[in-house]
Amino acid sequence: MTNAVQDIKSLQLEELGEKLRELGEPSYRSRQIADWLYKRRVESFENMTDLPHKLHGQLAKLFVFDRLKPVRVLGSRDSTRKFLFRLADGNLIESVLIPASAALYGQKSDRRTICISTQVGCAYGCKFCASGLEGFSRNLRANEIVDQIIAVERESGEKIDNVVFMGMGEPLANLQNVMRAIQIINAAWGLGIGARHITVSTSGLAPQVKKLAEESLQIRLAVSLHGATDEVRNQIMPINRRYNIEMLLSACDYYVARKKQRLTFEYILIARVNDADDQANLLAQHARRLSAKVNLIPYNTVEGLEWSRPSRTRQEKFLSILRARGVAATLRHEKGHDINAACGQLRLQTKREDVASSSRRRRHRQDVRVTI
Ligand code: SAH
Ligand code: SF4
């Protein structure tokens, strides 16, 4: 780590301890500060009332203390709620709070799940996804990832016990910051969420899947497959031209062997693109090779994109083919369908409204000029 001003919530406990030692402080201070940050959740150094006054000033010189600002919240208490946050530099990101539901990624049901973002936008440009539509702006830093959980707990009053990295962005393209954040989310001195309740989702960055396999934490992996052949995947996911299905599956073989863990295939069902019987048969083959589970997700319509979800009968048929071949598969009934819950949709909508209202303002100014 450099000495440049960084956010205090990007640090591991040992790194914080090292900084404090350099300042001549006793070693128990790092625990004290972590407690203020992650347990009592204060939002300034001055509020850490049991620290010496002098240390407040020293910490404020070394670290920044950013906070996510809620811009919009959609949804109600007993359904999926979607939060749009503004970062310190003005960029917008979104997080989704999903109430208790059936087991999705192998964990027990009855959990409050948060779906968090890892990047502003996404560079991978999947054809069906709102996050990819406007390109990539930047990686999120570890504190901006951790802060989504803190901010959603603060805004909702709920305790989150399950984290999925399925919001905006490709987590494995920001692996260093994502792992740093996961360590803080998991640590007993941090947010204390068990590794098995943390799921990272990837669109298929095969070499990074292997890297993730080397991590010691037993976090879960979900792979967004969305097509069982290169032909279908190439059509909707540009990443497949770099790492084709066989490269991806063999990285998954490595992951499974190394971690001794079952992974999940995510498969969005898109009408007439990937919902044919032969795709289901091949998907079953891939899943059996890896003993993977399959989550089928009916496509969530994105404004401006032509894709749609198959009929309920087609969805059920696809599911039944998988099951008949002995694959553990579920068909997810998207809870947030009505509130643009798929990743990137709320942000896109808000940005479009901003653009629309500023062009309305511009038009209005022109009208005024004309009438003068
Ligand atoms: N970049 C990672 C994680 C974020 S996307 C990935 O692609 O896995 C999280 C999940 O949301 C992915 O499975 C993605 O394919 C899915 N998704 C994106 N747009 C969607 C939409 N319109 N309807 C349903 N699921 C969508
Ligand atoms: Fe990026 Fe995932 Fe959306 Fe693809 S699906 S554009 S990888 S966020």
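The values are calculated or read from the model by the stated rules, or taken from the named source; none is laboratory data. All figures in this text were calculated on a predicted structure; none of them were measured in a lab. Note: ideal-geometry Cβ built from the backbone for every residue, glycine included; neighbour counts use all protein chains shown. These accessible areas exclude ligands, DNA and RNA; they are computed on the full protein's heavy atoms, side chains included. Shrake-Rupley method; radii C 1.70, N 1.55, O 1.52, S 1.80 Å.
Couple of notes before you dig in:
- Hey, Y267 open to solvent by less than 10 Å² (accessible area, probe 1.4 Å) and in contact with a Leu (Cβ under 8 Å, 6 or more places away or on another chain) or not: yes
- Among the residues making up segment 169-180, those that are part of a helix (DSSP H, G or I) and within 16 Å of ligand 1 (Cβ to nearest atom) are P171, L172, A173, N174, L175, N177, V178, M179.
- Checked against (1) open to solvent by 20 Å² or more (accessible area, probe 1.4 Å); (2) modelled with pLDDT of 95 or more; (3) not aromatic (F, W, Y), S101 meets all criteria but (2).
- Across segment 207-224, the number of residues qualifying as open to solvent by 10 Å² or more (accessible area, probe 1.4 Å) and either away from ligand 1 (no atom under 11 Å from the Cβ) or of a type in the set (F, W, Y) (or both) comes to 10.
- Scanning segment 62-87 for residues that are under 16 Å from Q119 (Cβ atoms) and either of a type in the set (F, W, Y) or not in a strand (DSSP E or B) (or both) turns up L68, F85, L87.
- Filtered residue count, segment 139-165, keeping only those that are surrounded by fewer than 24 Cβ atoms within 10 Å (Cβ to Cβ), within 14 Å of ligand 1 (Cβ to nearest atom) and more than 16 Å from L68 (Cα to Cα): 1
- The lone criterion from (1) more than 16 Å from ligand 2 (Cβ to nearest atom); (2) among the charged types (D, E, K, R); (3) touching a helix residue (DSSP H, G or I) at 6+ places or on another chain (Cβ under 8 Å) left unmet by K127 is number (1).
- Figure legend. Inter-residue proximity from segment 117-138: first residues open to solvent by 20 Å² or more (accessible area, probe 1.4 Å) and aliphatic (A, V, I, L, M), second residues at pLDDT 95 or above and part of a strand (DSSP E or B), beta-carbon distance below 7 Å, spacing 6+ or different chains. Indicated pairs: A123/F136.
- Just one residue in the set K54, K9 is among the charged types (D, E, K, R), open to solvent by less than 30 Å² (accessible area, probe 1.4 Å) and on the phi < 0 side of the Ramachandran plot; that residue is K9.
- Qualifying residue in segment 180-189 (condition: within 16 Å of ligand 2 (Cβ to nearest atom) and among the aromatic types (F, W, Y)): no
- Test for G24: is it in a loop (DSSP other than H, G, I, E, B), at pLDDT 95 or above and not aliphatic (A, V, I, L, M): yes
- Residue among N186, N234 that alone is touching a Gly at 6+ places or on another chain (Cβ under 9 Å), closer than 28 Å to D78 by Cα and surrounded by fewer than 23 Cβ atoms within 10 Å (Cβ to Cβ): N186
- Selection over segment 195-222 of residues that are among the aliphatic types (A, V, I, L, M), without any contact (Cβ under 8 Å) to a residue 60 or more places away in the chain and within 16 Å of ligand 2 (Cβ to nearest atom) gives a count of 6.
- Scan of segment 237-261 for residues that are of a type in the set (K, R) and buried (at least 16 other Cβ atoms within 10 Å of the Cβ), ordered by number: K259
- Note on segment 57-70: among residues that are open to solvent by less than 20 Å² (accessible area, probe 1.4 Å) and free of Cβ contacts under 8 Å to residues at least 60 places away in the same chain, the one that is farthest from L11 (Cα to Cα) is L59.
- Of note, Y243 does not satisfy the criterion of being within 14 Å of ligand 1 (Cβ to nearest atom), over 22 Å from A173 (Cβ atoms) and hydroxyl-bearing (S, T, Y).
- For R41, the criteria (1) of a type outside the set (S, T, N, Q); (2) farther than 23 Å from M166 by Cβ; (3) open to solvent by less than 60 Å² (accessible area, probe 1.4 Å); (4) at pLDDT 95 or above hold in every case but one, which is (3).
- Lone unmet requirement of (1) out of contact with any His (no Cβ under 9 Å at 6 or more places or on another chain); (2) buried (at least 24 other Cβ atoms within 10 Å of the Cβ) for L172: (2)
- The residue pairs whose first member lies in segment 277-299 and is of a type in the set (G, A, S), whose second member is surrounded by fewer than 13 Cβ atoms within 10 Å (Cβ to Cβ), and whose beta carbons are closer than 8 Å, counting only pairs six or more residues apart or on different chains, are A284/G326.
- Residue list for segment 128-158, restricted to those being out of contact with any Gly (no Cβ under 8 Å at 6 or more places or on another chain), part of a loop (DSSP other than H, G, I, E, B) and modelled with pLDDT of 95 or more: R141
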